[in-house]
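Nothing in this text is a laboratory measurement; each read-out follows from the coordinates by a stated rule. Everything quoted here is computed from the prediction, not taken from an experiment. All Cβ positions, even for glycine, are placed from backbone atoms using ideal geometry, and neighbour counts span all protein chains on display.
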Amino acid sequence: MSSAFFLPAEPGNRFCIYHRPADAISGGGFVYAHPFCEEMNKSRRMAALQSRRLAAAGYAVLQIDLFGCGDSSGDFADARWEIWKQDLQTALGWLKSRVEGPLSIWGLRLGATLAADVARDPALGIEQLLLWQPVGSGEMFLTQFLRLRLAAEMLADGAAQTGVRELRETLGNGGSLEIAGYDLHPRLAAEIDALRLADLVPAVRRVHCLEVTAAVEPKPSPTSQRAMDAWRSKGLDVRTTAVRGEPFWSTIEITECEALLAATEGSLQGA
């Protein structure tokens, strides 16, 4: 059973969907961190499907729209990395007061990297970290996002009016950029640009890292593999899985990846 509500947070409120566990006694809870900008909308169906499966398996799940995103308070132009981290911490606090068992965080794409950053705090007592297609390099991710602006210029004018270097200079000089309908503040851009997943070593018992690839023989991406190897070197129990499927967070049509759902269930059952 699921219910929607607004969770008080600073500033304003955050739109949430709470999935109650099928069993009266919960096996713990997951807070879900959605991906960046339009990827959030593309992946809502997969997030809902996975949330329902987790609830059926006995987990409570709290999906939260971060500040400036979805139906939550604020404008995206005012979003900051630290506010998003505080949002997840608030969500964890809300969930902790309502469920039995340990808490975990699940994130997709940049949301997975955000989840890892939050899970670095040992005081939160995070049990497991579930990562779907985590962003390994914030610099590379930002560059790809900036290229959306160039692609839009090419469609409108037949040629890009600027380049990535010029767009980065605008951000570096304190200017905001409108990209794919989102106003990107230079501070948020700088915060994303500085992210390296390998450096965000979480204080958790176990990490499940799952990726989707079009390859006939699925393997984790080199960037994620390096990050997970770095975490293993710190003593973490890291489990990696790659499945074949479409990148549902960026496809034109809303798509599903049953292989990812099944692999997630299998990884958690093997914990």
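Counted residue by residue at 0.36 nm each, then reduced by the alpha carbon distance between them, the extension gain from S250 to V216 reaches 10.3 nm. Once you reduce region 147-216 and region 241-261 to the center of their Cα atoms, the two points are 21 Å from each other. Between T113, T240, T251, the residue with the greatest mean-square fluctuation in the GNM of the chain (Cα pairs under 10 Å linked by springs) is T251. A Cβ-based charge dipole, computed about the Cα centre of the chain with Lys and Arg at +1 and Asp and Glu at -1, lands at about 800 debye. Computed from point charges on the beta carbon alone (+1 for Lys and Arg, -1 for Asp and Glu), the dipole magnitude for region 158-243 about its Cα centre is near 500 Debye. For region 170-271, the list of GluC sites (Glu not before Pro) that fall in a loop by DSSP and count at most 15 other C-beta atoms within 10 angstrom reads E253, E256. Rounded to the nearest whole angstrom, the semi-axes of the ellipsoid equivalent to region 176-257, taken from the Cα gyration tensor as √(5λ), stand at 26, 22, 10, largest first. A dipole drawn for region 37-177 from +1 and -1 charges on Cβ atoms has a positive end, and of A91, M140, A79 the residue lying farthest that way is A91. Its alpha carbons give region 113-204 an Rg and a Dmax of 16.2, 53 Å. Mean residue ellipticity, 222 nm, helices only, the chain: the sum of -39500 (n - 2.57) across DSSP H runs of n ≥ 4, divided by residue count and rounded to 500, is -11500 deg cm²/dmol. Each semi-axis of the equivalent ellipsoid for the chain is √(5λ) with λ an eigenvalue of the Cα gyration tensor; in descending order they amount to 30, 21, 18 Å. Comparing A116, A77, A194 in a Gaussian network model of the chain, where Cα atoms under 10 Å apart are tied by springs, the biggest mean-square fluctuation is seen for A194. In this structure, the amide hydrogen of C209, modeled 1.01 Å from its nitrogen in the peptide plane, lies closer than 5 angstrom to those of L131, R239, T240, T241, counting only residues at least 5 positions away or on a different chain.
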